[in-house]
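Just below is one structure, and these are the notes that go with it.
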Amino acid sequence: MVAVITGAGKGIGRAIALRLAKDGYKIAVCYNNSGAAAEKTAADIIAAGGTARAFRLDVTDSVNVNFVIADIENAFGEIAVLVNNAGIAEQSLFTDITDEMWHKMIDTNLGGAFYCARAVLPFMIHRKMGKIINIASIWGETGGSCEVHYSAAKAGIIGMTKALAKEVGPSGITVNCVSPGVILTDMTSHFDEDTMNTLKDETPLGRIGTPEDVAGAVAFLVSADADFITGQDIAVNGGMNI
Ligand code: NAP
C-alpha cells in the first residue's frame, strides 16, 4: 500500500514519511525544491528496511500533479493514502498583502491540496477505499494576526476536508485534517528565542511541538483504528488557543 506525502523532504512531511514507512506503507516521498532532502528521506526509509522513492511534484501545477500521481499509481503501487502536507507560510500586515502574495498562498496551501486530492480520488473511488489527510493549522481554526492569507488558506482546507468527507464517504474513503500548533521546523526556525519562549509559555503543555507529534496523529488517522472517523480536524497543539 502506497502513501503519497507532499513536501516530504523535510520538516513535518519527512517525519510523516518516516512514521508511515515504519507502519508498513510504501512511501512516495514528494518534493518541489528539496530534491536532495527528499532523496535522503527515501534513503533513510530504505536503510530502515522500508520502501520509498522520491518524486518531484509541484502542488501548484495541476498538470504536473496529475502526471506524477498517475506515475506513482502505475509504476510504484496502488495509492491508499494521500497526505497533503506541502505548504508555505508568511507574515505580513493585511494591508501589505499583494495580489501575488495572496494568490501564491491560496494556490499552494489550498489549491495544492485540491489538485492532489482530485488526482488520487479516481483511483481510490475505483477501489472503494482510501484515506486523505490534509495538514491545516491552528491559525486555520482560530485565525492568526498578520497571517490572514495563511489563515484563510488553512481554514479553507478545514472546510474542504469536511465537505469532501461527506461526498466520498459513500465510496469508502475517509478525509480528515490535522491542525498543528507551533512545531519546530524550517517554517518556524526564523522566530527568535524570545518569541519561541513566549509561544512555549502560551502552550499549556509547556513546549514547542515536534514533527513527530504531528506524524503520530497522521499515523492514527490512516490506521484501521480510525476507519470510522471522517471529516474531523485533529488539533496537535499542546493545548494552545483552545
Ligand atoms: P517546511 O519545513 O517549510 O516544509 C514545507 C514543505 O512544503 C516543504 O517540504 C516544501 O517542499 C513543501 N512545499 C512548499 N511549496 C510546495 C510546492 N509548490 N509543491 C510541493 N511542495 C511544496 O514546513 P513544515 O513546518 O514542515 O510544514 C508542513 C506543513 O505543516 C505545512 O502545510 C504547514 O503549513 C503546516 N503547519 C506547520 C506548522 C509549524 O509550526 N511548523 C504549524 C501549522 C501547520 P520543497 O522544500 O521540496 O519545496
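The values are calculated or read from the model by the stated rules, or taken from the named source; none is laboratory data. The model shown is predicted, which means the values in this text are computed figures rather than measured ones. Ideal geometry is used to build each Cβ from the backbone, glycine not excepted, and the neighbour counts take in all protein chains shown. Accessible surface areas use protein heavy atoms only, side chains included; no ligands, DNA or RNA. Shrake-Rupley method; radii C 1.70, N 1.55, O 1.52, S 1.80 Å.
Some points to look at:
- Residues of the stretch 214-235 satisfying the condition of being open to solvent by 30 Å² or more (accessible area, probe 1.4 Å) and among the aliphatic types (A, V, I, L, M): Ala224, Ile229, Ile234, Ala235
- Any hit, the stretch 182-197, residues being in contact with a Pro (Cβ under 9 Å, 6 or more places away or on another chain) and open to solvent by less than 40 Å² (accessible area, probe 1.4 Å): yes
- Tabulated pairs, the stretch 60-86, first within 24 Å of Asp227 (Cα to Cα), second assigned to a loop (DSSP other than H, G, I, E, B) and at pLDDT below 95, C-beta under 6 angstrom, 6+ apart or interchain: none
- Considering only residues in the stretch 37-60 that are assigned to a loop (DSSP other than H, G, I, E, B) and in contact with a helix residue (DSSP H, G or I) (Cβ under 8 Å, 6 or more places away or on another chain), the one that is farthest from Thr108 (Cα to Cα) turns out to be Ala48.
- Hey, Val148 at pLDDT 95 or above, surrounded by fewer than 24 Cβ atoms within 10 Å (Cβ to Cβ) and out of contact with any Phe, Trp or Tyr (no Cβ under 6 Å at 6 or more places or on another chain) or not: no
- Residue count for the stretch 61-82 satisfying the condition of being open to solvent by 20 Å² or more (accessible area, probe 1.4 Å), closer than 20 Å to Val175 by Cα and in contact with an Asp or Glu (Cβ under 7 Å, 6 or more places away or on another chain): 0.
- For the stretch 120-136, residues that are touching a residue at least 12 places away in the same chain (Cβ under 8 Å) and more than 13 Å from the ligand (Cβ to nearest atom) total 11.
- Given (1) β-branched (Val, Ile, Thr); (2) in contact with a Phe, Trp or Tyr (Cβ under 6 Å, 6 or more places away or on another chain); (3) within 13 Å of the ligand (Cβ to nearest atom), number of the condition Val29 does not satisfy: (2)
Okay, residues lined up against (1) touching a Lys or Arg at 6+ places or on another chain (Cβ under 7 Å); (2) of a type in the set (A, V, I, L, M, F, W, C); (3) open to solvent by 20 Å² or more (accessible area, probe 1.4 Å):
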position	(1), (2), (3)
Asn84	no, no, no
Phe94	no, yes, yes
Thr98	no, no, yes
Gly144	no, no, no
Leu164	no, yes, yes
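- Total residues in the stretch 68-90, condition under 20 Å from the mean Cα position of the chain (by Cα) and either within 15 Å of the ligand (Cβ to nearest atom) or assigned to a helix (DSSP H, G or I) (or both): 14
- Lone unmet requirement of (1) charged (D, E, K, R); (2) within 16 Å of the ligand (Cβ to nearest atom); (3) more than 16 Å from the chain's Cα centre (by Cα); (4) open to solvent by less than 50 Å² (accessible area, probe 1.4 Å) for Asp58: (3)
- Taking the criterion of being part of a helix (DSSP H, G or I) and either closer than 27 Å to Asp213 by Cβ or of a type in the set (A, V, I, L, M, F, W, C) (or both), the residues of the stretch 116-136 that qualify are Cys116, Ala117, Ala119, Val120, Leu121, Phe123, Met124, Ile125.
- The set of residues from the stretch 42-55 being within 16 Å of the ligand (Cβ to nearest atom) and open to solvent by 60 Å² or more (accessible area, probe 1.4 Å) comprises just one member, Arg53.
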